[in-house]
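Everything below concerns the one structure shown next.
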């Protein structure tokens, strides 16, 4: 910004270059529109414009019964549909005071953690793509994610919008032989994570592009409500799975990876390490699934008593909250969704001011937004 | 003095390690399919297009009620047959443009009459072909059939 | 004029070779990238999609030519020619074998390096003429990049010229009759510097900053479509072949080799270097503009200067 001030002599004048990055742009992760003001290639100011993917999901929720809304939660953060399903279903179950059995808890934990692995894989792949590693890491990540998606396909019949969690249970029981598939996947994925490290994490060009780029301080992160890997990369140890254990996370042993500086590389590394931790959780859970019937009937009409509930869960991108107000009818009076990507995106202008365009793309990729849950 | 040189060589080494990974993958078999020529069979409970077995339908309207996007339409009339009152479907249509393929109708159906088949290549040239598909018509997906790998088998669950 | 007919024939042979080579390289690049990424790549047209480039070029020929509103028409129309023309001209002095040289100029290597620098003009014209901010950014980046990398590139070539005492490419190859220049340490260093700066010259990863798909869309050729886009594409792959051919000539002994005919040896070496560049492209991320400039001026230029000084001292001693 000082450079701009210097140029303001009366006879010699320079203008800022306004670049509209998006809504059609290869690296804005969907339909985000960033209005960038550039001085040469330095970003002077950035204004994100939202709303290109707005489907008024919160309003739709007011006109749907509690069960009917589950497929809509798939469309929030479409890379982590299972986690969204879970957040909503847990909130409704809390509202109803509905207990679920042990098998359901275990199945949910395994599935949600698998989805977290898949989501982080996409995030790593697209981040590398944004840095100009032409599609190779992206394809490796999608190749590995495919195994998870195939499993989900077998489990619930869909590859992206799962609609798997049900109020009081899940849609289908685990298919036979799933233990072996998941154990094989864990072995496979651990090997592949080493490959990612060789290809990307400690690559000199990758390090020079991401280290000390877009440093997010702990205070700024908390002020903007940044959660998830972006918050943990600043060194702040906050994970709802540990702080307010929902499901049965308190039974498993796992660590919370934290970064040191809060730069783009830390955010990437935290995601990579979270995959390891998720694999640990799955490994512990898959051997201990108890017997029981996890399938919930859907033709039941739920009529919760008038009241309200707020429940937050740890999504791959941060803290997903559902605030549901019931007026005693079959449909909620209000359903407010607190989506992690929205808060994470709001810190972007703060981060990219003063960097150049290449770094702006890098920071945007490292924050890992999904437009589906920003616009809702 | 020596640190920059060391850093330089380590950086070059890291790039070479990366190249080792890609050359290893160059000689590993592809994981994708040669798609239009080879097709992967769909999973048993894959959620494709909505399909109906008309004789099994008891006109309970459960699927209409549960559908989150109102993609199904059903109407019936009562006819007298052999001095017995009987319900008969007059119109049962499915709007594939609205459907979100959540599979809730399949789950609520008490007689497994309505189900989601395994069709996944469902693109057509006109929107009109998808707006109101008559579920009572046994040949409703005929224009899509020749592009579908395995014929729909009703889900046993 | 009997000489004229031969010249025409040579010219047509060069043009034919350029277009087939570019088409082959595009197909090959797609196939290599697919195999690296565990995909199959083009499979539909011909054996393993080998006719895909032909199909693509027919498609591009038939496409509408869209001129963006507000474009600087003259500059916009001329830009693709300015990009293609130098890369075609540079073929004049490439020695495919001792006899098979379109024209053995006695300033051959100087001619190649000077004519390929004209490319930057075309790229900048494309960036300016498109009336697109991304294209402009790409064009500016490109100008800065190509001009800075010209320095280490030329310094590494100067070393070869010092060694042989000639600028003719045929003579340079002849001087390598008793061993490739790559096998001598100071020239091996020059080879590495040449390869890195040549990668930057042709805008390939990790120096594809002017195109920078994830940042600028496609940089300077964002607005081009149809045949004009195809010309940029052909120029890109022709330049790729030229830098590999020059590298093969200067450092790998050109057409020289046992058993196989000289042309085959030359093409093998050139395509070997192209494969190396493709392999690099599909592995590494892109560097940032300032890092790239710093690398050119702070690392490559001093190192090549020091190399030049040291080898000159050793030669004079």
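The values are calculated or read from the model by the stated rules, or taken from the named source; none is laboratory data. For clarity, every value in this text was computed on a predicted model and none was experimentally measured. No Cβ is skipped: glycine too gets one built from the backbone with ideal geometry, and neighbour counts run over all protein chains shown.
So that you can scan it fast, the table gives a plain yes or no per residue for (1) in a helix (DSSP H, G or I); (2) at pLDDT 90 or above; (3) touching a strand residue (DSSP E or B) at 6+ places or on another chain (Cβ under 9 Å); (4) closer than 30 Å to residue A:205 by Cβ:
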| position | (1), (2), (3), (4) |
| --- | --- |
| A:275 | yes, yes, no, yes |
| A:292 | no, no, no, no |
| A:297 | no, no, yes, no |
| A:303 | no, no, yes, no |
| A:325 | no, yes, yes, no |
| A:343 | yes, no, yes, no |
| A:359 | yes, no, yes, yes |
| A:364 | yes, no, yes, yes |
| A:373 | yes, no, yes, no |
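Within the stretch A:239-255, the only residue that satisfies the criterion of being free of Cβ contacts under 8 Å to residues at least 40 places away in the same chain and under 18 Å from the mean Cα position of the chain (by Cα) is A:242. Would you mind stating whether residue C:192 is out of contact with any helix residue (DSSP H, G or I) (no Cβ under 7 Å at 6 or more places or on another chain), over 30 Å from residue A:25 (Cβ atoms), within 13 Å of another protein chain (Cβ to nearest Cβ) and modelled with pLDDT of 80 or more? Considered against the rule, which asks whether it is out of contact with any helix residue (DSSP H, G or I) (no Cβ under 7 Å at 6 or more places or on another chain), over 30 Å from residue A:25 (Cβ atoms), within 13 Å of another protein chain (Cβ to nearest Cβ) and modelled with pLDDT of 80 or more, residue C:192 comes out as yes.
Can you name the condition, by its number, that residue B:44 falls short on among (1) surrounded by fewer than 16 Cβ atoms within 10 Å (Cβ to Cβ); (2) under 22 Å from residue B:124 (Cα atoms); (3) within 11 Å of chain A (Cβ to nearest Cβ)? Here residue B:44 meets the rest and fails (2).
Exactly one residue out of A:327, A:263, A:255, A:250 is surrounded by fewer than 20 Cβ atoms within 10 Å (Cβ to Cβ) and in contact with a helix residue (DSSP H, G or I) (Cβ under 8 Å, 6 or more places away or on another chain): that is A:255. Among the conditions (1) at the interface with another protein chain (Cβ under 8 Å from one of its Cβ atoms); (2) surrounded by fewer than 24 Cβ atoms within 10 Å (Cβ to Cβ); (3) over 18 Å from residue A:315 (Cβ atoms), residue A:156 misses just one, which is (2). Residues that are within 20 Å of the chain's Cα centre (by Cα) and more than 14 Å from chain C (Cβ to nearest Cβ) within the stretch A:350-376 comprise A:351, A:367, A:368, A:369, A:370, A:371, A:372, A:373, A:374, A:375, A:376, listed in sequence order. Reported count of residues in the stretch A:18-31, each being touching a helix residue (DSSP H, G or I) at 6+ places or on another chain (Cβ under 6 Å) and either modelled with pLDDT of 85 or more or not in a loop (DSSP other than H, G, I, E, B) (or both), is 2.
Listed here are the residues, each with its yes/no results for (1) buried (at least 22 other Cβ atoms within 10 Å of the Cβ); (2) touching a strand residue (DSSP E or B) at 6+ places or on another chain (Cβ under 7 Å).
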site: B:69; (1), (2): no, no
site: B:75; (1), (2): no, yes
site: B:81; (1), (2): no, no
site: B:96; (1), (2): no, yes
site: B:102; (1), (2): yes, no
site: B:110; (1), (2): no, no
site: B:127; (1), (2): no, no
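Taking the condition touching a residue at least 24 places away in the same chain (Cβ under 8 Å) and closer than 25 Å to residue C:38 by Cβ, does residue B:41 pass? Criteria met by residue B:41.
Annotation: residue A:135 fulfils all but one of (1) surrounded by fewer than 21 Cβ atoms within 10 Å (Cβ to Cβ); (2) within 14 Å of chain C (Cβ to nearest Cβ); (3) touching a helix residue (DSSP H, G or I) at 6+ places or on another chain (Cβ under 7 Å); (4) in contact (Cβ under 8 Å) with a residue 24 or more places away in the chain; the unmet one is (4).
Could you tell me whether the stretch B:71-87 includes any residue that is at the interface with chain A (Cβ under 10 Å from one of its Cβ atoms) and out of contact with any helix residue (DSSP H, G or I) (no Cβ under 8 Å at 6 or more places or on another chain)? Within the stretch B:71-87, not a single residue is at the interface with chain A (Cβ under 10 Å from one of its Cβ atoms) and out of contact with any helix residue (DSSP H, G or I) (no Cβ under 8 Å at 6 or more places or on another chain).
Within the stretch C:40-59, the set of residues being crowded, with 17+ Cβ neighbours inside 10 Å and not in a loop (DSSP other than H, G, I, E, B) comprises C:49, C:52, C:53, C:56, C:57. A count restricted to the stretch A:49-65 and to residues that are part of a loop (DSSP other than H, G, I, E, B), within 11 Å of chain B (Cβ to nearest Cβ) and in contact with a helix residue (DSSP H, G or I) (Cβ under 9 Å, 6 or more places away or on another chain) stands at 2.
Is it the case that the stretch C:15-35 has a residue that's without any contact (Cβ under 8 Å) to a residue 12 or more places away in the chain and within 14 Å of another protein chain (Cβ to nearest Cβ)? Checking the stretch C:15-35: at least one residue is without any contact (Cβ under 8 Å) to a residue 12 or more places away in the chain and within 14 Å of another protein chain (Cβ to nearest Cβ). Can you confirm whether residue A:310 is crowded, with 16+ Cβ neighbours inside 10 Å, in contact with a helix residue (DSSP H, G or I) (Cβ under 9 Å, 6 or more places away or on another chain) and at negative phi? No, not satisfied. Across the stretch B:1-41, which residue is surrounded by the most Cβ atoms within 10 Å (Cβ to Cβ) among those that are away from chain A (no Cβ under 13 Å) and not in a helix (DSSP H, G or I)? Filtering first and then ranking leaves B:39. Note on the stretch C:274-317: residues that are in a loop (DSSP other than H, G, I, E, B) and either surrounded by fewer than 18 Cβ atoms within 10 Å (Cβ to Cβ) or away from chain A (no Cβ under 13 Å) (or both) amount to 1. When residues in the stretch A:33-52 are screened for being out of contact with any strand residue (DSSP E or B) (no Cβ under 6 Å at 6 or more places or on another chain) and under 23 Å from residue A:343 (Cβ atoms), 3 of them pass. Evaluate the stretch C:2-17: report whether one residue or more is at pLDDT 85 or above, surrounded by fewer than 14 Cβ atoms within 10 Å (Cβ to Cβ) and assigned to a helix (DSSP H, G or I). Within the stretch C:2-17, one or more residues are at pLDDT 85 or above, surrounded by fewer than 14 Cβ atoms within 10 Å (Cβ to Cβ) and assigned to a helix (DSSP H, G or I).
Here residue A:174 passes the criteria (1) assigned to a loop (DSSP other than H, G, I, E, B); (2) closer than 30 Å to residue C:277 by Cβ; (3) more than 10 Å from every other protein chain (Cβ to nearest Cβ) except the one numbered (2).
Within the stretch C:173-189, the residues that satisfy the criterion of being within 9 Å of residue C:251 (Cα to Cα) and under 21 Å from the mean Cα position of the chain (by Cα) are C:173, C:181, C:182, C:187, C:188. Filtering the stretch A:57-80 for residues that are farther than 21 Å from residue A:315 by Cβ, modelled with pLDDT under 90 and in contact with a strand residue (DSSP E or B) (Cβ under 6 Å, 6 or more places away or on another chain) leaves an empty set. The residues in the stretch A:38-48 that are within 12 Å of another protein chain (Cβ to nearest Cβ), farther than 17 Å from residue A:348 by Cα and in a strand (DSSP E or B) can be counted, and the count is 0. Against the numbered list (1) within 14 Å of chain C (Cβ to nearest Cβ); (2) crowded, with 20+ Cβ neighbours inside 10 Å; (3) within 30 Å of residue A:70 (Cβ to Cβ), residue A:146 comes up short only at (2). Looking at the structure I just gave you, is residue C:264 surrounded by fewer than 20 Cβ atoms within 10 Å (Cβ to Cβ) and either within 30 Å of residue C:70 (Cβ to Cβ) or within 14 Å of chain A (Cβ to nearest Cβ) (or both)? It is false that residue C:264 is surrounded by fewer than 20 Cβ atoms within 10 Å (Cβ to Cβ) and either within 30 Å of residue C:70 (Cβ to Cβ) or within 14 Å of chain A (Cβ to nearest Cβ) (or both).
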